[in-house]
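Scroll down for the structure; my scribbles are underneath it.
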Amino acid sequence: MTDEKVLFDVVDGVGAVTFNRPDQANAMDLDVMQRLMHISIECDENPEIRAVVITGTGAFFSAGGDLASFQAAGEKAGALILEMTTHYHAAISRFSRMNAPVIAAVNGTAAGAGFSLVAACDLAIAAESSRYTSAYTAAALSPDGSCTYFVPRLVGTRRAMELMLTNRRLSAAEALEWGLVNKVVPDADLIDEAMDLARQLAKGPSVAFGQVKALLHNSFTGTLETQMELESRGIAAMTHTHDGVEGVAAFSEKRPPRYEGR
């Protein structure tokens with residue numbers, strides 16, 4: 001197995017991202033967060049990448065931030081964390097705002113920053129054996145990685161408060177019931193299910209997908225009239241894209257559309 005901490009490949013229009021520190025529970029150190037930021041830029045800038053799947057090797061999706069590196073930093077732990085989160089938050093922002101849909105394929109335990117990442121992805125498919133826990137306050141830390149932004153939007157403020165104060169561990173079935181993930185599948189089917197969905201999305205109207213993401217991210221912060229104006233401007237803009245023209249033509253001509261992601 002390669003020594004690279006985060007694997008990345010592009011297959012059938014899908015950017016495949018894999019945390020590759022199974023002996024360290026796929027914990028994220030500074031190197032991992034820098035690498036994830038660089039990958040997010042590649043996914044955003046490369047027109048051949050029209051969907052992304054993020055998963056892990058071994059028993060963990062990711063245990064979150066590498067606490068061993070925090071301890072090793074001693075009095076400079078705060079500075080280290082600020083540097084780490086600068087990269088990590090840039091990656092999450094890029095994944096959230098780019099056109100390509102991002103799918104978490106949760107192969108095992110997602111804790112701390114790994115839990116946050118699952119919530120930040122656009123879609124999440126869970127292996128039956130996967131588990132979910134905020135975990136931050138168990139180490140007397142507070143959440144990062146967009147946790148306090150996305151988790152309340154998915155599960156509600158009351159349940160988010162419970163997860164973050166008590167570090168309650170959710171099973172895959174509970175995560176599905178709470179709205180943290182979209183689907184639960186047998187462990188052996190996880191990657192195939194995630195890649196099949198990603199390939200399907202990669203053939204879709206990427207610019208329209210990006211508009212959907214942007215509209216939904218704004219929907220909790222503006223007024224009704226502001227949101228409807230954004231919707232009006234968004235759908236009008238889509239008619240000027242190649243895929244918008246193709247989609248309308250294909251519907252009128254009763255044929256399958258041929259989208260190019262532009």
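Each reported figure results from applying straightforward, stated rules to the coordinates on display, with no laboratory input. Bear in mind that the values here come from a model prediction, so they are computed numbers and not experimental data. FYI the Cβ positions are ideal-geometry reconstructions off the backbone, even for glycines, and counts take in every protein chain you see.
Summary table
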quantity: Within segment 11-52, considering residues that are β-branched (Val, Ile, Thr) and touching a strand residue (DSSP E or B) at 6+ places or on another chain (Cβ under 7 Å), the one surrounded by the fewest Cβ atoms within 10 Å (Cβ to Cβ); calculated: Thr18
quantity: Unique residue being surrounded by 14 or more Cβ atoms within 10 Å (Cβ to Cβ), of a type outside the set (D, E, K, R) and touching an Asp or Glu at 6+ places or on another chain (Cβ under 6 Å) when the list is Ala172, Ala208; calculated: Ala172
quantity: Residues that are in contact with a Gly (Cβ under 8 Å, 6 or more places away or on another chain) and within 29 Å of Leu80 (Cβ to Cβ), drawn from segment 114-132; calculated: Gly114, Phe115, Ser116, Leu117, Ala120, Ser130, Arg131
quantity: Any strands (runs of 3 or more DSSP E) falling wholly within segment 51-154 and containing at least 3 residues that are farther than 26 Å from Ala214 by Cβ; calculated: 60-62, 131-133
quantity: Those residues of segment 5-29 which are over 24 Å from Arg199 (Cβ atoms), out of contact with any Ser or Thr (no Cβ under 7 Å at 6 or more places or on another chain) and among the charged types (D, E, K, R), in sequence order; calculated: Lys5, Arg21, Asp23
quantity: Residue list for segment 245-262, filter: acidic (Asp, Glu) and surrounded by 12 or more Cβ atoms within 10 Å (Cβ to Cβ); calculated: Glu246, Glu260
quantity: First in segment 173-199 and within 27 Å of Pro152 (Cβ to Cβ), second anywhere and of a type in the set (Asp, Glu) and loosely packed, with under 14 Cβ neighbours inside 10 Å, Cβ under 7 Å, 6 or more apart; calculated: none
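Table: residues versus (1) touching a Pro at 6+ places or on another chain (Cβ under 6 Å); (2) under 17 Å from Ser146 (Cα atoms).
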residue: Arg21; (1), (2): no, no
residue: Ala51; (1), (2): yes, no
residue: Ala63; (1), (2): no, yes
residue: Gln71; (1), (2): no, no
residue: Glu75; (1), (2): no, no
residue: Ala104; (1), (2): no, yes
